[in-house]
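The values are calculated or read from the model by the stated rules, or taken from the named source; none is laboratory data. As the structure is a computational prediction, the values presented were derived from the model and not from experiment. Note that each Cβ is placed from the backbone with ideal geometry, even for glycine, and that neighbours are counted across all protein chains shown. These accessible areas exclude ligands, DNA and RNA; they are computed on the full protein's heavy atoms, side chains included. Shrake-Rupley method; radii C 1.70, N 1.55, O 1.52, S 1.80 Å.
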Amino acid sequence: DAIAASGLAPEQLAIIAFDAEVIAAAKRRMPEVRAFWLTDFERRGGIGGWRPTLEQILATLERIGADGLDCRAHASIDEAFVKGLRDAGHAFHVWTVDDPAVALRFRALGVDSITTNRPAWLRAQLEGTAG
């Protein structure tokens, strides 16, 4: 109801949630509004690697009908990870980046957006770099 009353066009909105079922419900009710599943990564076991894996993320995004992923800017994210998301047709966003070097790394990977606590400062830092 709040979204309908806002008068905003669907392209001006984005829904984000850690709860995958919230994203699924939002896409069922408002398929025209972009919705991104939020996730973080955690180490599982000594040899298990980071979770969720790209395969688990892609399965979740497909199941809930999300438009893409919004995840913590984690060191394990690489070109193959981003390619997997892109090949599946998903947008890719990261949070929370307050370090210009980290922002440059994710910009080079082709991230759609970066969430930061210092937007004007970080933009100024990045404007002075190539790319």
Is at least one residue of region 37-53 at pLDDT 95 or above, open to solvent by less than 20 Å² (accessible area, probe 1.4 Å) and over 29 Å from Trp121 (Cα atoms)? no
Selection from region 1-36 of residues assigned to a helix (DSSP H, G or I) and surrounded by 14 or more Cβ atoms within 10 Å (Cβ to Cβ) yields Ile3, Ala20, Val22, Ile23, Ala24, Ala25, Ala26, Lys27
Within region 109-122, how many residues are basic (Lys, Arg) and crowded, with 18+ Cβ neighbours inside 10 Å? 0
Those residues of region 71-108 which are assigned to a loop (DSSP other than H, G, I, E, B), of a type in the set (A, V, I, L, M) and either open to solvent by 70 Å² or more (accessible area, probe 1.4 Å) or closer than 25 Å to Ala124 by Cβ (or both), in sequence order: Ala73, Ala75, Ile77, Val97
Do we have any residue at all in region 99-122 that's touching a helix residue (DSSP H, G or I) at 6+ places or on another chain (Cβ under 7 Å) and among the acidic types (Asp, Glu)? no
